[in-house]
Amino acid sequence: MKIVVDFDLCESNAVCMQIAPDVFEVRDDDFLYLLNENPDESDRERMEECVQRCPKQAISIED
Amino acid sequence: MATQSIHIVGASLAGIRAAEALRRCEFDGRIVLIGDEPHRPYDRPPLSKQVLAGDWDADRIELTKPEKFDALDLDLQLGVRATGFDLATRTLSTSDGDDTIDAMVVATGARCRNLPGIEDMAGLHVLRTLDHAHALRADLDAGPSRVAVVGAGFIGAEVAATCRGRGLDVTMIDPMPTPLGRVLGEEIGSLMADVHVEHGVDLRTGVGVDRLEANDGHVARVVLSDGAVVEADVVVVGIGVIPNTEWLEGSGLTIDNGVVCDATMLAAPGVTAAGDVARWPNVRFDEVMRIEHWDNAIEQGVHAAERLLVDDANALPFEPVPWFWSDQYDRKLQMAGRIGSSDDIHLATGSFEERRFAQLHGRNGRLVGVLGLNRPRHVMQYKTMIQNGTSFEDAVAAEI
Ligand SMILES: Cc1cc2nc3c(=O)[nH]c(=O)nc-3n(C[C@H](O)[C@H](O)[C@H](O)COP(=O)(O)OP(=O)(O)OC[C@H]3O[C@@H](n4cnc5c(N)ncnc54)[C@H](O)[C@@H]3O)c2cc1C
Ligand code: SF4
């Protein structure tokens, strides 16, 4: 599974980081860093929660 | 007996997230999703932003991708309106006929309040649905001479900002002294007023609307309570919403500015409610709330669905820290928790001059709210602290 973030839409609010801090990190510079672009397939439910809870629709999953 | 089927009334954010949660919990019975709009569930926040700006079309705002939607295996009833419910016999009446329900999630949301005493006319809009957004966008595409926005709440302010972004002349009218002052406090309200004025909005505060006048059935001007006249051929009214509960009058459920639920979102045995329509005691804040925010509709939809699958002894209270955002021009306003006029206040980062700050609110020694402008990360971090019951003192001292 491949995680893609549209950085033009992302506003770095760190909602995703609250759900999956091992995958998403918003640092002190206020940018979002993708720590793991290819989370394990077993993590799909949590990644889908990140997609749904991102208020900016900035995250997508490319299979 | 285990629940066999679940009816979800209202096919929008809370409703679809409830349906998904049921399947996630491996509920394999029948799920009926009933919605009076003709569209599959779509996202509303972009309606006043990207959709109105003309940047996004309807396909960008679907809430669940078609293949995932189909996999939910729903009995989908779009264009169907719930017209009544009787708790005693568990009869749900719709425009398609009657059905006996086993369990139900009420997720009928809210609709826009209209200007009292004003009849409908061409050029007069509210904004709640995709169809509303398309109708308003078409009128904006036609290049009106001026757009009058009645109500400087979140929706009105976003519409004004989007219209300015399209280069249209805008007058925004609100009876309160500052936009959003009641929610944000007068100081931040007046800061937001400055932001609008700097972006070229003709802002009229402290004044109401007396009447609208039309030419040949098309709105032509707004007459204000101080006698001033605003010539405008598009008028957008954003003066708040009303929960959609009429269909539940006399049903046996308690209706009082929303569907009244217990702390676990249960309105009656086997009946829950979620989203803009639901009112419940949030034990975290010791306050009865009805929340009109996007994230709440998701969380509450999930909670209301899961509630139907557990017995009373195992039911958990729904006690979120509510939060919302509003984007106006290049300013991102966010608020989490509860704020009030007698709170202790601390500016944690930034300043009002920079228009970039996070302001903390404390009550009885506890961090209860945070209000941020262009500080999304900070708002979320303080939101976590509110969730963890952090003291105001510790929150003020925290370096983030
Ligand atoms: C233009 C706009 C911009 C917004 N921007 C933001 C934002 O920036 N940030 C934020 O936090 N929130 C925002 N919101 C609020 C957010 O969209 C709502 O909180 C959310 O949509 C609530 O979801 P819901 O499912 O409870 O209700 P709704 O979205 O109102 O859905 C209820 C559905 O039920 C249907 N229905 C009603 N009665 C019946 C009936 N009798 N039978 C069948 N169906 C029925 C309705 O037609 C509707 O489809 C915005 C809202 C709007 C309109
Ligand atoms: S939730 Fe969305 S907007 Fe927020 S940081 Fe993550 S990707 Fe960016």
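What follows is calculated from the coordinates using simple rules that are stated; it is not laboratory data. In this text, all values refer to a predicted model and were calculated from it rather than measured experimentally. Cβ sites come from the backbone with ideal geometry, for glycine too, and all protein chains shown count toward neighbours.
For this structure, a couple of remarks:
- Look at the range A:29-41: where a residue is free of Cβ contacts under 8 Å to residues at least 24 places away in the same chain and a partner is in a loop (DSSP other than H, G, I, E, B) and surrounded by 15 or more Cβ atoms within 10 Å (Cβ to Cβ), sitting 6+ places away or on another chain with Cβ atoms under 6 Å, you get A:30/A:12; A:35/A:23.
- Filtered residue count, the range B:24-53, keeping only those that are touching a residue at least 24 places away in the same chain (Cβ under 8 Å), crowded, with 16+ Cβ neighbours inside 10 Å and either away from chain A (no Cβ under 13 Å) or assigned to a helix (DSSP H, G or I) (or both): 16
- Residues located in the range B:188-225, provided they are within 27 Å of the chain's Cα centre (by Cα) and assigned to a loop (DSSP other than H, G, I, E, B): B:199, B:200, B:201, B:206, B:207, B:208
- Here residue B:314 meets the list (1) over 30 Å from residue B:53 (Cβ atoms); (2) more than 13 Å from ligand 1 (Cβ to nearest atom); (3) within 12 Å of chain A (Cβ to nearest Cβ) almost entirely, failing just condition (3).
- Picking from residues in the range A:17-28 that are of a type outside the set (Phe, Trp, Tyr) and more than 10 Å from chain B (Cβ to nearest Cβ), the one that is farthest from ligand 1 (Cβ to nearest atom) is A:22.
- Residue selected from the range B:1-23 under the condition over 13 Å from residue B:306 (Cα atoms) and surrounded by fewer than 18 Cβ atoms within 10 Å (Cβ to Cβ), by the criterion farthest from the chain's Cα centre (by Cα): B:1
- For the range B:54-91, the tally of residues that are more than 14 Å from chain A (Cβ to nearest Cβ), hydrophobic (A, V, I, L, M, F, W, C), surrounded by 14 or more Cβ atoms within 10 Å (Cβ to Cβ) and more than 24 Å from the chain's Cα centre (by Cα) stands at 3.
- Residue within the range B:19-42 that is within 11 Å of ligand 1 (Cβ to nearest atom) and farther than 30 Å from residue B:234 by Cβ present: yes
- Tally of residues being in a helix (DSSP H, G or I) and either among the hydroxyl-bearing types (Ser, Thr, Tyr) or buried (at least 20 other Cβ atoms within 10 Å of the Cβ) (or both) across the range A:10-27: 3
- Filter result for the condition that a residue is within 14 Å of chain A (Cβ to nearest Cβ) and closer than 13 Å to residue B:243 by Cβ, over B:274, B:297: B:297
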